[in-house]
Amino acid sequence: MTEARIRSAAAMTVDGRDEPAPEELVTAMVRFEERYGGLCYPVMGSNGMEYGLDGVATGHHSPLGPAFPGILDGDQTWGIDVLTDGRTAMGPGRWPYRIIDRSVDQRLEKHALLVAMRSWPHRTFACFTPPEVLPVVDEERLPPPVPEATGPADLWWADDSTAIEATLSGWPPEQDRWTVRYFARTPRQAADANPTVYAAIGHETVPAHWCALCSHDIAPGMTCTPAPNRKDRRGRP
């Protein structure tokens, strides 16, 4: 959508009716559409991450302030709001509404890093924390942090041979669930995952039973070794 079209169509839904949108919301929609409108890419599954107003310039009052629907998360199959300050937020189903990314650029960086790492051998863990509490991490045991990819729901550390991701994968009211992935260039290096992850993360952390990257069950201590350049999770070309 062009800036002129956005400004002519911009509205704010209040109590089921459309009212004129505040200037801060209009400006945020214009900025978002000019930079990200039409962007689409896959991350874990075949459904893409889709960005853009999709011809509708209507915002609403979210629990965190004025926002507009600007992103469809293909992996979560759920819409994501963009706040006027550029942060993203969502509340799937009965889960609380909360900030996911500190900016769209940070969201793109975390996805780019995950796509780059997903072909590496990896081990997967589940970490449980109280609601809205980040995992307590001893970073001295991990590679350097990756600040450009790190946000409220994603933590990244990486060097030339290993990478560790902690991503918020579920947040029902009673607790947060984080998926922790340890990537390494070789299966032998991936064998260091268990002692490293257990020593570095201070919250309850256990082996995961499912790898969302590879779409298969995983036994404790199992290393996933994706086939290079495969197009689906079962290894079919």
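What to note about this one:
- Debye-formula intensities of the stretch 11-147, expressed as log10 I(q)/I(0) at q = 0.14 Å⁻¹, are -0.76 (one equal scatterer per alpha-carbon, no solvent).
- Computed from Cα positions, the angle between helix 23-36 and the longest principal axis of the chain comes to roughly 50 degrees.
- Cα-based Rg / Dmax (Å) for the stretch 87-131: 13.6, 34
- Taking GluC sites (Glu not before Pro) across the stretch 138-227, the ones in a DSSP loop with at most 13 further Cβ atoms lying within 10 angstrom of their Cβ are E174.
- Across the options P195, A11, Q175, the greatest Cα extent toward the positive end of the charge dipole of the chain (unit charges at beta carbon of Lys, Arg, Asp, Glu) belongs to P195.
- Taking the C-alpha atoms only, the angle from helix 104-117 to the longest principal axis of the chain is near 30 degrees.
- The ratio of the alpha-carbon radius of gyration of the chain to the globular-protein estimate 2.2 N^0.38 Å is 1.10.
- For a label point 7 Å along the Cα-to-beta-carbon line of D192, residues of the stretch 114-144 with backbone N under 15 Å: 121-123, 139-144
- Probe 1.4 Å, protein heavy atoms only - accessible area per residue of the chain in square angstrom: 50 Å²
- Size of the stretch 110-217: Rg and Dmax of its alpha carbons, in Å, are 12.8, 39.
- Short-range pairs are left out: with C-alpha atoms under 8 Å and at least six residues apart, the relative contact order of the chain is 15 percent.
- The helix-only estimate of mean residue ellipticity at 222 nm for the chain, built from DSSP H runs of length n ≥ 4 each weighted as -39500 (n - 2.57), is -5500 deg cm²/dmol after division by the residue total.
- Relative frequency of Cα-Cα separations exceeding 17 Å in the stretch 3-90, percent: 45 percent
- Accessible area per residue (1.4 Å probe, heavy atoms of protein chains only) ranks L134, L113, L53 as L134, L113, L53, with the largest value leading.
- Heavy-atom accessible surface of the chain: percent carbon and sulfur, 1.4 Å: 52 percent
- Inter-part distance, the stretch 108-168 to the stretch 69-89, computed on C-alpha centroids, equals 20 Å.
The values are calculated or read from the model by the stated rules, or taken from the named source; none is laboratory data. Everything numeric in this text was worked out from a predicted model, so none of it was measured. As a convention, Cβ positions derive from the backbone with ideal geometry for all residues, glycine included, and neighbour counts pool all protein chains shown. We work out accessible area using only protein heavy atoms, side chains counted, and drop any ligands, DNA or RNA first. Shrake-Rupley method; radii C 1.70, N 1.55, O 1.52, S 1.80 Å.
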